[in-house]
Amino acid sequence: MLGHLSFGVADLARSTAFYDAAMGALGFERVWTSEHGVGYGAPGGNDKLALFPRADALAPGAGFHLAFDAPDRASVHRFHAAAIAAGGTDDGAPGPRPHYGATYYAAFVIDPDGYKLEAVHQ
């Protein structure tokens, strides 16, 4: 359904370090880099998430989050650990979320700019 998403970030270098780690844990990579931003996607593919420096960047408020598909439960754990180590904030440790579905396994973090992110394996 979605072609891609773009986020404004206050500090591109800080966000690039965070997303390199978090996306790498899920098997995604930085697919382009310029002085104007960076893009992440599947290896050899186009970007699905782009980050652009914006001094006045504000994360959306309550109710917004972005969920990334994880290939397995171990990837959910790697995402969470990598995101925390790279400056993110825990917002829900890896584990089952039966209230979302019988096979729903996820972890939640807040990135350095306040965006709520999820890695989910179903």
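The values are calculated or read from the model by the stated rules, or taken from the named source; none is laboratory data. Bear in mind the structure is a predicted one, so any value in this text is a computation, not a measurement. Note: areas computed on protein heavy atoms with side chains; ligands, DNA, RNA excluded. Shrake-Rupley method; radii C 1.70, N 1.55, O 1.52, S 1.80 Å.
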Check: Counting pairs of Cα atoms in the chain, how many percent are more than 18 Å apart?
Finding: 49
Notebook entry, point to check: How large is the Kirkwood hydrodynamic radius of region 53-94, in angstrom, based on all distinct alpha carbon pairs?
Noted result: 12.3
Checklist line | Accessible carbon and sulfur surface of region 15-96 relative to its total accessible area, %, 1.4 Å | finding: 55
Note to self: I need to check one value: relative contact order of the chain, counting alpha carbon pairs closer than 8 Å and at least 6 residues apart, in percent.
What the structure shows: 26
Notebook entry, point to check: If you project the alpha carbons of region 14-85 onto the principal axes, what extent comes out on each, in Å, largest first?
Noted result: 35, 33, 21
Margin query: When only alpha-carbon atoms are used, what values of Rg and Dmax, in angstrom, describe region 61-122?
Written below: 10.9, 32
Margin query: Give me a comma-separated list of calculated 3J(HN,Hα) values for region 23-28, in order, Karplus coefficients 6.51, -1.76, 1.60 applied at θ = phi - 60°, integers in Hz, x for any Gly or Pro.
Written below: 5, x, 5, 9, x, 9
Next item on the list: Report, in deg cm²/dmol and to the nearest 500, the calculated mean residue ellipticity at 222 nm for the chain, where each DSSP H run with n ≥ 4 adds -39500 (n - 2.57) and the sum is divided by the residue count.
Entry: -7000 deg cm²/dmol
Margin query: In whole Hz and in residue order, list the ³J(HN,Hα) couplings for region 53-70 that follow from phi through the Karplus curve 6.51 cos²θ - 1.76 cosθ + 1.60, θ = phi - 60°; x for Gly and Pro.
Written below: x, 9, 4, 9, 4, 9, 5, x, x, 3, x, 8, 7, 10, 9, 9, 5, 10
Notebook entry, point to check: What are the residues whose amide H is under 5 Å from the amide H of Y104, where those residues sit 5 or more places off or on another chain and H is modelled from the backbone?
Noted result: R97
Checklist line | Candidates A102, A21, A85, ranked by Gaussian network fluctuation over the chain, Cα under 10 Å, top entry | finding: A102
